[in-house]
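Q: This is the structure, below, for whatever I ask next.
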Amino acid sequence: MSNNNIKISVNTSYLQQESDPENNKFYFLYTVSIANHGDEGAKLLSRHWIIEDANGKVQNVKGEGVVGDQPYINPGDEYQYTSGTLLETSLGTMKGSYQMINDSDKYFDAEIPEFVLSIPRVIH
């Protein structure tokens, strides 16, 4: 699938004050930028995340919109939001897709490339 000229990039950070490593709770923030490089606007309808920790435990998370919003992204614009996830290990990965619809009423999936969640000093 072509992603319909939607480019997705992610920045992550470890939230130490929300985490409790002794009880296998590691909280990560991720900031997603969704840029529309196409010539049609597109609306984000829903999301599907696949979150995997270092133990191989996989969470499938599906839901409407992102952070309570279903943003419409004009051509040339970018939408950004921050959310978080809790892992049982200090290292994990996330990937997935956004289900979107463009101005021509075509549904498409915008692929979210896999990214790594890790506490500082785990990966060098």
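Q: Output the residue which, of all residues in the range 46-75 that are aliphatic (A, V, I, L, M) and touching a Lys or Arg at 6+ places or on another chain (Cβ under 9 Å), is surrounded by the fewest Cβ atoms within 10 Å (Cβ to Cβ).
A: To start, the set of residues in the range 46-75 that are aliphatic (A, V, I, L, M) comprises 50-51, 54, 58, 61, 66-67, 73.
Checking which are touching a Lys or Arg at 6+ places or on another chain (Cβ under 9 Å) leaves us with 50-51, 61, 66, 73.
Numbers: I50: 15, I51: 19, V61: 12, V66: 18, I73: 20.
Filtering first and then ranking leaves V61.
Residue by residue, here is whether (1) touching a Pro at 6+ places or on another chain (Cβ under 6 Å); (2) within 13 Å of S118 (Cα to Cα); (3) aliphatic (A, V, I, L, M) holds:
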{"position": "P21", "(1), (2), (3)": "no, yes, no"}
{"position": "K25", "(1), (2), (3)": "no, yes, no"}
{"position": "H37", "(1), (2), (3)": "no, no, no"}
{"position": "Q70", "(1), (2), (3)": "no, no, no"}
{"position": "I73", "(1), (2), (3)": "no, no, yes"}
{"position": "D77", "(1), (2), (3)": "no, no, no"}
{"position": "E88", "(1), (2), (3)": "no, yes, no"}
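Q: Something else: Can you tell me which residues in the range 32-45 are in a strand (DSSP E or B) and crowded, with 18+ Cβ neighbours inside 10 Å?
A: Here is the first cut: in the range 32-45, the ones in a strand (DSSP E or B) are 32-36, 42-45.
Selection gives V32, I34, N36, A42, L44.
Q: Another one. Answer yes or no as to whether S104 is surrounded by 12 or more Cβ atoms within 10 Å (Cβ to Cβ) and either touching a residue at least 40 places away in the same chain (Cβ under 8 Å) or over 16 Å from K7 (Cα atoms) (or both).
A: Values: surrounded by 12 or more Cβ atoms within 10 Å (Cβ to Cβ): no; either touching a residue at least 40 places away in the same chain (Cβ under 8 Å) or over 16 Å from K7 (Cα atoms) (or both): yes.
So S104 does not fit the description; no.
Q: Another one. Of the conditions (1) at positive phi; (2) part of a strand (DSSP E or B), Q59 satisfies every one except a single condition; which number is it?
A: For Q59, the exception is condition (1).
Q: I want to confirm something. Restricting to the range 84-124 and keeping residues that are of a type in the set (S, T, Y) and not in a loop (DSSP other than H, G, I, E, B), which single residue is farthest from G38 (Cα to Cα)?
A: Our first condition is that a residue be of a type in the set (S, T, Y); within the range 84-124, this holds for 85, 89-90, 93, 97-98, 104, 107, 118.
Now restrict to residues that are not in a loop (DSSP other than H, G, I, E, B): 85, 93, 97-98, 107, 118.
On the way: T85: 30, T93: 28, S97: 18, Y98: 16, Y107: 15, S118: 33 Å.
So the residue we want is S118.
Q: Kindly indicate whether Y79 is in contact (Cβ under 8 Å) with a residue 12 or more places away in the chain, among the aromatic types (F, W, Y) and out of contact with any Gly (no Cβ under 9 Å at 6 or more places or on another chain). Working first, answer last.
A: Details: in contact (Cβ under 8 Å) with a residue 12 or more places away in the chain: yes; among the aromatic types (F, W, Y): yes; out of contact with any Gly (no Cβ under 9 Å at 6 or more places or on another chain): yes.
Against the criterion (in contact (Cβ under 8 Å) with a residue 12 or more places away in the chain, among the aromatic types (F, W, Y) and out of contact with any Gly (no Cβ under 9 Å at 6 or more places or on another chain)), Y79 qualifies.
Q: What's the number of the condition D105 fails, among (1) at positive phi; (2) touching an Asp or Glu at 6+ places or on another chain (Cβ under 9 Å); (3) of a type in the set (D, E, K, R)?
A: (2)
Q: Since P120 meets every condition but one in (1) surrounded by 12 or more Cβ atoms within 10 Å (Cβ to Cβ); (2) more than 12 Å from Y30 (Cβ to Cβ), which condition does it not meet?
A: (1)
Q: If a residue must be more than 21 Å from G56 (Cα to Cα), of a type in the set (A, V, I, L, M, F, W, C) and within 15 Å of the chain's Cα centre (by Cα), how many such residues does the range 76-124 contain?
A: Within the range 76-124, residues that are more than 21 Å from G56 (Cα to Cα), of a type in the set (A, V, I, L, M, F, W, C) and within 15 Å of the chain's Cα centre (by Cα) number 2.
Just so you know, all these numbers are worked out from the coordinates, no wet-lab data involved. What you see is a predicted model; the values in this text were computed from it and never measured. Counting neighbours? That spans all protein chains shown, and the Cβs are built from the backbone with ideal geometry, glycine included.
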